[in-house]
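Structure record follows, encoded as structure tokens.
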Amino acid sequence: MHAKLFAIIAACLFGATTPFSKLLLSQIHPLVLVGLFGLGSGAVMLIIRLLQVGLFHPERIKVELSKYYWLWLFGAMLTGGILAPVVLVYSLPRTSAATASILLNFESVSTTLFAAYLFKEKIGPRIWLAIILITVASILLSVDWSSSWGISLSALGVLLSTVFWGLDNNFTRNISMKDPYSIVIVRGLVSGSSVLCFSIILGMPFPSSIYLVAAIMWGGLVYGIGLVLFILAIRDLGASRASALLGTAPFLGALFSFFVFWELPAMQFVIALPFMVAGAYILLKEKHIAL
């Protein structure tokens, strides 16, 4: 029960990220925002961990990972800590927050497919039906009749970010039995500082202090606390099952977007939503088969 609760709380946090990120992008360069989110997640979790073990005993914080686990952590940092958020924040300005939120539900599909073909989790007929429904909805949301290509490149960018997060979820599953705080601290500090250093080299402008602090604190809340809760959920539920619960995040994001931006949903959104809801519901009800 705790694992499901952790996944649902994480879903609420991640669901609010799309509209909040869209607001911050009006004041912060996309690459800088990704770096601040990552740095915030690592820094905030480090502070929480220090408070847990005692400020005068920092030596108790250990990252005990073998070479094998470091490879999985590096993969998670690269795909989920750098590639996915960078692609997403560059796609958000040209995509409505509600549409982007719903498209992010494709993460459950990519996670399930990677879990099945790379890590041999079993997929039943109901899961395949869910994958088809969510894929149809994603295609509908990606069509852009005003484009000469017939597709929305920004929507495809959002979908690409979910592919990277699908890999990230499966990489994280392989180290989920380790200390989640250590995983998030290392992942956040390394990926965040790397992106920020790259931003400085490219001469990207940094925001005013109020937006800088807001981005760091949001990163700590969502990509710090939220990610720790998600890792704890993966331990008991597996990557595909935990991601199915996290699949409620896009619908929460669409709801938040409506209240934040007062965006009226486009006809494509209305048509695609039932397919996405049905697919997410099937994934949510499917029982996880342990390896």
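Brief remarks follow.
- Pairing residues of the range 274-291 that are over 20 Å from ALA116 (Cβ atoms) with residues that are polar (S, T, N, Q) and modelled with pLDDT of 65 or more, at Cβ distances under 9 Å and at least 6 apart in sequence or on separate chains, gives PHE275/THR135; PHE275/SER138; MET276/ASN105; MET276/SER138.
- First in the range 68-85 and farther than 20 Å from GLY219 by Cβ, second anywhere and modelled with pLDDT under 90 and surrounded by fewer than 21 Cβ atoms within 10 Å (Cβ to Cβ), Cβ under 6 Å, 6 or more apart: TRP72/ASN174
- Conditions (1) without any contact (Cβ under 8 Å) to a residue 40 or more places away in the chain; (2) under 30 Å from ALA115 (Cα atoms); (3) hydroxyl-bearing (Ser, Thr, Tyr): number failed by SER209: (2)
- Residue within the range 247-268 that is in contact with a strand residue (DSSP E or B) (Cβ under 7 Å, 6 or more places away or on another chain) and either farther than 17 Å from LEU5 by Cα or at pLDDT below 90 (or both) present: yes
- MET217 being out of contact with any Leu (no Cβ under 9 Å at 6 or more places or on another chain), at pLDDT 90 or above and at negative phi: yes
- Residue identified as at pLDDT below 80, closer than 25 Å to LEU232 by Cα, surrounded by fewer than 22 Cβ atoms within 10 Å (Cβ to Cβ) and not hydroxyl-bearing (Ser, Thr, Tyr) among ILE151, ILE102, ILE139, ILE123: ILE123
- Contact map, the range 168-184: first residue free of Cβ contacts under 8 Å to residues at least 60 places away in the same chain, second residue surrounded by fewer than 19 Cβ atoms within 10 Å (Cβ to Cβ), Cβ cut-off under 6 Å, separation 6 or more or different chains; pairs are SER176/ARG235.
- Here the condition is being in contact (Cβ under 8 Å) with a residue 12 or more places away in the chain, closer than 16 Å to ALA249 by Cβ and outside any loop (DSSP other than H, G, I, E, B); of THR135, THR99, it holds for THR99 alone.
- Residue among GLY54, GLY42 that is of a type in the set (Gly, Ala, Ser) and either within 24 Å of LEU156 (Cβ to Cβ) or at pLDDT 90 or above (or both): GLY42
- Which listed residue is modelled with pLDDT of 75 or more, surrounded by fewer than 20 Cβ atoms within 10 Å (Cβ to Cβ) and aliphatic (A, V, I, L, M), from LEU71, LEU65, LEU33: LEU71
The values are calculated or read from the model by the stated rules, or taken from the named source; none is laboratory data. Only a predicted model underlies this, so the values are computations on that prediction, with no experimental measurement involved. Quick reminder, even Gly has a Cβ in these numbers, built from the backbone with ideal geometry, and neighbours come from all protein chains shown.
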